[in-house]
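Novice: What follows is a structure written as structure tokens; I'll ask about it next.
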Amino acid sequence: MKIPTNLKHKPVIVSENYENVDGRFAYNSDAKGLSLGLAQWNDRGKVDISAKVWRYTGEKWSRQSEEMPMHRVLDLAILICKSLSYFQEAYRFPKLYDPEKTLIDRIGLQGDAMNVSICTENPMIDEDIKLFSQVLSNDGEIIGERLRVLSRILKEMGY
């Protein structure tokens, strides 16, 4: 299925078969494509690049399609990697976290730091963190494959 090019987001680089590789939703996903392109929020004289996940309901392109600036996509990747690293050792805590120390890390970015913490504002955190950990375990192969590919590409780029 071809990603629309007549909308505000202007695709430049596309993956139009994303539904075939969308994790455990592969071959049965409403996320039909990914694109990198010119952001829909561009103002005259100001151009940003964004990443977009294109969802299709079977009848039309969905309003649930998401567009994000590329730095946010990378910030999400950083958050995912830090979370995976945390959960490798979380078994040491009876609740999978230390209620006295919920800050996991501060990751320096742009002269400040992105805090990574356990969300203790969630009233169901004790149950939800167990479910989260179980899903990470269940999806370990899918996630690991993507991390290995990402690692290889970053090494090829000199990072």
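Novice: In what sequence do Cys119, Cys81 fall when counting other Cβ within 10 Å, fewest first?
Specialist: On the way: Cys119 10, Cys81 14.
Least crowded to most crowded, the residues run Cys119, Cys81.
Novice: List Tyr86, Tyr91 from most exposed to least, where exposure is judged by having the fewest other Cβ atoms within 10 Å. Could you put the intermediate results ahead of the total?
Specialist: Details: Tyr86 17, Tyr91 9.
Sorted ascending by nearby Cβ count, the order is Tyr91, Tyr86.
Novice: If you add up the charges near Pro11, with Lys and Arg at +1 and Asp and Glu at -1, over every other residue whose beta carbon is less than 13 angstrom from its beta carbon, what do you get?
Specialist: With Lys, Arg at +1 and Asp, Glu at -1, the neighbours total +3.
Novice: While we're on this one: Would you kindly state how much longer the chain becomes between Arg106 and Asn122 on full extension, computed as 0.36 nm times their sequence separation minus their alpha carbon distance, in nm to one decimal? Intermediate values should be presented prior to the final figure.
Specialist: Details: separation 16, 0.36 × 16 = 5.76 nm, distance 2.05 nm.
That pair, Arg106 and Asn122, stretches by 3.7 nm at full extension.
Novice: Would you kindly state the longest site-free stretch of the chain, with sites defined as GluC sites (Glu not before Pro) in a DSSP loop (not H, G, I, E, B) surrounded by at most 10 other Cβ atoms within 10 Å? Mind dumping the intermediate values first?
Specialist: Values: sites that count: Glu59, Glu89, Glu100, Glu121.
Answer from the scan: 1-58.
Novice: Figure the gain on full extension for Gln134 and Asp98 (residue separation times 0.36 nm, minus the Cα-Cα span) and round it to one decimal in nm. The partial results should precede the final answer.
Specialist: On the way: separation 36, 0.36 × 36 = 12.96 nm, distance 1.81 nm.
Answer, rounded to one decimal: 11.2 nm.
Novice: So if each residue of separation counts as 0.36 nm, and I subtract the Cα-Cα distance between Ser15 and Leu154, what length gain in nm does that give? Walk me through the numbers on the way to the answer.
Specialist: Numbers: separation 139, 0.36 × 139 = 50.04 nm, distance 1.93 nm.
Extra length available between Ser15 and Leu154 comes to 48.1 nm.
Novice: Which lysines have a Cα lying under 28 Å from the Cα of Lys46, excluding residues fewer than 8 positions away in the same chain?
Specialist: Result set, ordered by chain and number: Lys2, Lys8, Lys10.
Novice: Take the alpha-carbon centre of the stretch 114-150, take the same for the stretch 16-69, and report the distance between them in whole Å.
Specialist: 23 Å
Novice: Just to be sure I understand: with springs between alpha-carbon atoms less than 10 Å apart, which residue in Lys95, Lys46, Lys130 has the highest mean-square fluctuation in the Gaussian network model of the chain?
Specialist: In this elastic network of the chain, the residue with the biggest mean-square fluctuation among Lys95, Lys46, Lys130 is Lys46.
Novice: Return the label of the correct value of volume of the Cα convex hull per residue in Å³, as calculated from the structure shown, out of (1) 176; (2) 102; (3) 143.
Specialist: (1)
Each value in this text was obtained by applying a stated rule to the coordinates, not by laboratory testing. Worth saying up front: this structure is predicted, and the values here are computed from it rather than measured. Counting neighbours? That spans all protein chains shown, and the Cβs are built from the backbone with ideal geometry, glycine included.
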